[in-house]
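A short write-up of the structure that comes next.
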Amino acid sequence: MFAAGIPLVSAALSVAFPGEGQSLPAVERTYVIGAASVSNAAPLVVNGATTDVWRTGAFLAMVQVKPGTNTLNVTCGKASLERRFVVAEPPKPGTWKPFKPITSAKDPRLGKPAAWRTRGTLFTNRVRPVPDDGDTLHYLPPQFTVRGAEVKGTDWIAVWIGGKIGFLPPASLVKTPAVPVPPANKPAPDPTACFPSDPPRGVPPSAVRILVDPGHGGSDTGALSPHGWCEKAVNLSQARAIRDALRKAGFQVLMTRDDDSFPTLYSRPKLAYDEHVDVFISVHHNACRADRNPREARHTTTYASNEKGLALAAAIQKRIAAVLPGIKDSGAQTKSLAVCRNPAVPSCLLEVDFINLPEGEEASWDPERQKKVAAAVVQGVLDWME
């Protein structure tokens, strides 16, 4: 066992990333993480370069790569490992063209207007300003009829809400020819009606309901640590610590999952909405893109996707940063994330630490640090309420 209470791998040598046959984007270098037996005193060599081994046996190296198939060679004493992975070719200049905005109902790219009925949930029926854009104009409830037209050359439907054009994917709509075509100025219902606009001030924790969401789960493993442990597992462990601390403080707490299941991405905010909770907190651990050094990238942050969630994120992040003094504090940030876009429930996503480096792996699974992070979350929620 090492300090965090996670058993070591039995293999004398292992590589968690990149995986055998894995495809990487077009990069000039990549990080390599894995583990070697801590009892092996021989030097660890990655592609000819001697590499330090952390006290847990975990290691991190940066190697140069080229487009096409690359070979990784790792040795430690008598143990050796060879791995092949593929790096994509750099994209050719000019291959991506931005979508030209549609500003008029007479745009030749638009088909004939018809009545379309939404068939998804409030969170899948997300009207966007342009196709593939991460922003949100409206959230439409199920069985809501809109004026819409197919956009030629794309897989999107243009819809008119309040006199303005937005876009929905076809999976969210079904054409209903028997229904009269709605007017272009038909407004969207307010999804925040019946929800409070301010934090629950002046009430005891026992009157506040919080939904804790351990990120990933099931077949969605999330990031990998040097020993090959999945982010989904440490998310659940940290989320349980947060749940227990919140309950001890008197809060009512629900979980999106309490096992290795996978609630779908949009079912998580939907549960928060359906249950009319006061707070939604998603728990994650980070990893950087392939070409970045995890030690240089390591930081802690809390994300929100709107102003309602940003105040909550800022209060929690301030407390978390205080108990993680050795990690860069990137503060609370705004980012369009599916679980945080809830227009009615203040929602945030914690990125506690980076697990794709030896130090982050060890710290993230440490039960004592998990308790400190959990206590920080409790205090952050109380600060937000005040």
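The values are calculated or read from the model by the stated rules, or taken from the named source; none is laboratory data. Everything numeric here is computed off the predicted structure, so don't read it as measured data. All Cβ positions, even for glycine, are placed from backbone atoms using ideal geometry, and neighbour counts span all protein chains on display. Only protein heavy atoms, including side chains, enter the accessible area calculation; ligands, DNA and RNA are left aside. Shrake-Rupley method; radii C 1.70, N 1.55, O 1.52, S 1.80 Å.
Going through V74, V27 one at a time, which residue ends up being open to solvent by less than 70 Å² (accessible area, probe 1.4 Å) and more than 30 Å from D132 (Cα to Cα)?
Numbers: V27 fails: more than 30 Å from D132 (Cα to Cα).
That would be V74, the only listed residue that is open to solvent by less than 70 Å² (accessible area, probe 1.4 Å) and more than 30 Å from D132 (Cα to Cα).
Does the stretch 236-263 hold any residues that are of a type in the set (S, T, Y) and part of a helix (DSSP H, G or I), and which are they?
Kept after step one, since they are of a type in the set (S, T, Y), are these residues of the stretch 236-263: 237, 256, 261.
Hit for the stretch 236-263 is S237, nothing else.
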The conditions are (1) more than 16 Å from P170 (Cβ to Cβ); (2) among the charged types (D, E, K, R); (3) in contact with a helix residue (DSSP H, G or I) (Cβ under 8 Å, 6 or more places away or on another chain), and R119 fails exactly one of them. Which is it? (1)
When the stretch 206-235 is examined, which residues are found to be part of a loop (DSSP other than H, G, I, E, B), of a type in the set (A, V, I, L, M, F, W, C) and open to solvent by less than 10 Å² (accessible area, probe 1.4 Å)? V208
Any idea how many residues of the stretch 131-149 are open to solvent by 20 Å² or more (accessible area, probe 1.4 Å), in a loop (DSSP other than H, G, I, E, B) and without any contact (Cβ under 8 Å) to a residue 60 or more places away in the chain? 7
Taking the stretch 77-101 only, how many residues are touching a residue at least 60 places away in the same chain (Cβ under 8 Å), of a type outside the set (K, R), touching a Ser or Thr at 6+ places or on another chain (Cβ under 9 Å) and under 21 Å from V27 (Cβ atoms)? 4
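Looking only at the stretch 37-52, count how many residues are surrounded by 14 or more Cβ atoms within 10 Å (Cβ to Cβ) and at pLDDT below 95. Can you show your working first?
Here is the first cut: in the stretch 37-52, the ones surrounded by 14 or more Cβ atoms within 10 Å (Cβ to Cβ) are 37-38, 40, 44-47, 51.
Subsequent filtering for residues that are at pLDDT below 95 retains 37-38, 40.
Selection size over the stretch 37-52: 3.
Restricting attention to the stretch 272-289, does a residue exist that is among the basic types (K, R), open to solvent by 30 Å² or more (accessible area, probe 1.4 Å) and either over 24 Å from A223 (Cβ atoms) or not in a loop (DSSP other than H, G, I, E, B) (or both)?
Start the filter on the stretch 272-289 by keeping residues that are among the basic types (K, R), which leaves 289.
Next cut, open to solvent by 30 Å² or more (accessible area, probe 1.4 Å) only: 289.
Filter once more, keeping what is either over 24 Å from A223 (Cβ atoms) or not in a loop (DSSP other than H, G, I, E, B) (or both): none.
Looking through the stretch 272-289, none of the residues is among the basic types (K, R), open to solvent by 30 Å² or more (accessible area, probe 1.4 Å) and either over 24 Å from A223 (Cβ atoms) or not in a loop (DSSP other than H, G, I, E, B) (or both).
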Inspect all residues belonging to the stretch 311-323 and state whether any of them is out of contact with any helix residue (DSSP H, G or I) (no Cβ under 7 Å at 6 or more places or on another chain) and farther than 30 Å from L60 by Cα. yes
Every residue from the stretch 245-287 that is touching a residue at least 60 places away in the same chain (Cβ under 8 Å), closer than 21 Å to S364 by Cα and among the aliphatic types (A, V, I, L, M): A245, L246, I281, V283, A287
Could you tell me whether the stretch 91-98 includes any residue that is under 30 Å from E359 (Cβ atoms), open to solvent by 20 Å² or more (accessible area, probe 1.4 Å) and modelled with pLDDT under 95? no
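Conditions tested, residue by residue: (1) at pLDDT below 95; (2) of a type in the set (G, A, S).
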position: I102; (1), (2): yes, no
position: R117; (1), (2): no, no
position: G120; (1), (2): yes, yes
position: T124; (1), (2): yes, no
position: P129; (1), (2): yes, no
position: G148; (1), (2): no, yes
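So, in the stretch 170-194, how many residues would count as being crowded, with 17+ Cβ neighbours inside 10 Å and farther than 18 Å from A105 by Cα? Working first, answer last.
Of the stretch 170-194, the ones crowded, with 17+ Cβ neighbours inside 10 Å are 172-173, 181-182, 188, 191.
Adding the requirement that they be farther than 18 Å from A105 by Cα leaves 172-173, 188, 191.
Final tally of qualifying residues: 4.
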Helices (runs of 4 or more DSSP H) (entirely within the stretch 292-386) containing at least 2 residues that are out of contact with any Gly (no Cβ under 8 Å at 6 or more places or on another chain) and surrounded by fewer than 17 Cβ atoms within 10 Å (Cβ to Cβ): 294-297, 307-323, 367-385
